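> Sharing a structure below in structure tokens format, with a few things to ask.
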Amino acid sequence: MIPELIKRDRYTEVNHIFSALKKYTRWTGLAGMILEVLGQGPAPLLLKEKFLANKKEIRMAIVPLFIALEGAAIPGLLDILKTSKDQWVRKNAGEALIQIGPAATAHLLEELESQMAPAETTIDILRVLGEIKSPEWKTPLLKVLPRYISHEHPKLRVQALHTLCLITAREGEEVFLAGLRDPHIEVRKMAVWCLGMIRSEQGLEKMVQMLKQINASPSPQMDQIETQIYHAFGTLGNLQVAGETPEEILLEILEKRGIKRWGGLFQKNPLTDSALGAICDALGKMGTERAIRTLNELKKSLDGHWIPKVGEVLKKIEERAGYS
């Protein structure tokens, strides 16, 4: 009956049956045996074929069925990661593996250790392992990650840093600091993100040094790093470097490069829109009363489309400060 329902796209009914079986496995081993038999039959392959052939709505209806099948669904989902050219199909397969959880981890680690999967598949696997965050598999994953952190493919280095940050936090600080020296800009951006997420004091110091270098020799490429640093400041909170907090540094930058003065002119090297937006986002997360005056000046000096954005930041700060 289950295969016929799948062939007819009756996923809701299949999910009801699986849910009932899952419920009754707590009282009877028979229900568990039925699920095991279903996993050994044609259902996993049929679901995989339907998953590959249909749009997102159908795929999302199939994901709970993969989760119910647990281990029986893992080979098919891994095959989707390895063979599908559609990034959204791979993403949805990854989401199913994340929800299956630690049971999928051993299979994913085997793929990483084999180093046979294409780069895009490996990136998906690294992402999934970071999201699963399985304590029992942390040690073997940490043994595998270094080969990807130093991989020749920059996208793999980016994802490996992200995964390391998710599973170790501050334990990866030295690796993230080293990532700031990577020749590829996307890797440096990810290293900045990671250092912000772990609230690294050394990271803040390095970021301030980078901002000074960027201000002295601006370039379109370094604009991306500058913007990422401002986003990171939003998570660094009240840490200090040379007696200054991220908030004070951002307000100083707004004074010098964000607020128009003297007949609508900036001082040299005005902030790009992306950098200005990142500063507003950061101050919205951690700004205090001291930011209100500068933000009000900024609001008055900029064009109309910035007024609502700066107004939102001011509202968040005032709410935190307890203004009525």
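Quick note: the coordinates plus some simple rules give every number you see, no bench work behind them. Not measured: the values here are computed from a predicted model. Positions of Cβ are generated from backbone atoms using ideal geometry, with glycine treated the same way; all protein chains shown enter the neighbour counts.
> Would you mind counting up the charge near Arg181? Only other residues with Cβ under 15 Å from its Cβ, with Lys and Arg at +1 and Asp and Glu at -1.
Details: positive: Arg157, Arg188, Lys189, Lys206; negative: Glu173, Glu174, Asp182, Glu186, Glu205.
With Lys, Arg at +1 and Asp, Glu at -1, the neighbours total -1.
> If packing is taken as the average number of other Cβ atoms within 10 Å across a peptide's residues, how do 198-209, 88-99 rank, most packed first?
On the way: 198-209: 18.4, 88-99: 20.6.
Packing order, densest peptide first, comes out as 88-99, 198-209.
> Eight or more residues apart or on different chains, and alpha-carbon atoms under 13 Å: count the Lys pairs in segment 243-324 matching that.
Final tally of qualifying lysine pairs is 9.
> Where is the GNM fluctuation largest for the chain (alpha-carbon springs, 10 angstrom cutoff): Lys256, Lys285, Lys23?
Lys23
> GNM, the chain, Cα, under 10 Å: largest mean-square fluctuation among Lys82, Lys48, Lys143?
Top of the fluctuation ranking is Lys143.
> Give me the extension gain from Asp86 to Arg290: residue separation times 0.36 nm, minus the current Cα-Cα distance, reported in nm with one decimal.
Working: separation 204, 0.36 × 204 = 73.44 nm, distance 4.82 nm.
Roughly 68.6 nm would be gained on extension.
> Oh, and also: Tell me which of Gly234, Thr105, Val158 sits at the most positive position along the dipole axis of the chain, charges placed on C-beta atoms (Lys, Arg +1; Asp, Glu -1).
With unit charges placed on the Cβ atoms, the residue in question is Gly234.
> Using just the C-alpha positions of segment 59-123 as equal point scatterers, what log10 of I(q)/I(0) does the Debye formula give at each q in 0.21, 0.24 1/Å?
After summing over all Cα pairs, the log10 values are -0.80, -1.04.
> Here is a further query. Using θ = phi - 60° and the Karplus curve 6.51 cos²θ - 1.76 cosθ + 1.60, what whole-Hz ³J(HN,Hα) does each residue of segment 192-198 get, with Gly and Pro shown as x?
Once θ is set to phi - 60°, the couplings for segment 192-198 become 4, 4, 4, 5, x, 5, 8 Hz.
> Give the peptides 234-244, 219-229, 302-312 in descending order of average Cβ contacts within 10 Å, highest first. Mind showing how you got there, number by number?
Working: 234-244: 14.9, 219-229: 17.6, 302-312: 12.8.
Listed from highest to lowest mean packing, they are 219-229, 234-244, 302-312.
> What cysteines in the chain have no other cysteine with a beta carbon less than 4.7 Å from their beta carbon?
Cysteines of the chain left without a disulfide-compatible partner: Cys280.
> Next question. Output needed for segment 1-100: three equivalent-ellipsoid semi-axes, defined as square roots of 5 times the C-alpha gyration tensor eigenvalues, in descending order, whole Å. Write out the running numbers ahead of the final one.
Details: eigenvalues 104, 38, 26 Å².
Three semi-axes, in Å: 23, 14, 11.
> Just to be sure I understand: if I project the alpha-carbon convex hull of segment 199-324 onto a plane and average over all orientations, what area do I get in nm²? Mind dumping the intermediate values first?
Details: hull surface 30.7 nm².
Average projection, Cα convex hull of segment 199-324: 7.7 nm².
> Run the quick spin-label model on Lys143 and Ser301: label points 7 Å from Cα toward the beta carbon, then report their separation in nm to one decimal.
Going by the 7 Å Cα→Cβ label model, 5.7 nm.
> Over all alpha-carbon pairs in the chain, figure out the percentage whose distance exceeds 38 Å. All intermediate terms of the calculation are to be shown ahead of the outcome.
Working: 18226 of 52326 pairs.
That tail contains 35 percent of the Cα-Cα pairs.
> Which value results for Rg/Rh of segment 277-324 when Rg is the Cα radius of gyration and Rh the Kirkwood radius based on the inverse mean 1/r?
On the way: Rg = 9.9 Å, Rh = 10.5 Å.
That ratio equals 0.94.
> Which one, Phe18, Phe233, Phe176, has the greatest fluctuation when you compute a Gaussian network model over the chain with C-alpha springs under 10 angstrom?
In this elastic network of the chain, the residue with the biggest mean-square fluctuation among Phe18, Phe233, Phe176 is Phe18.
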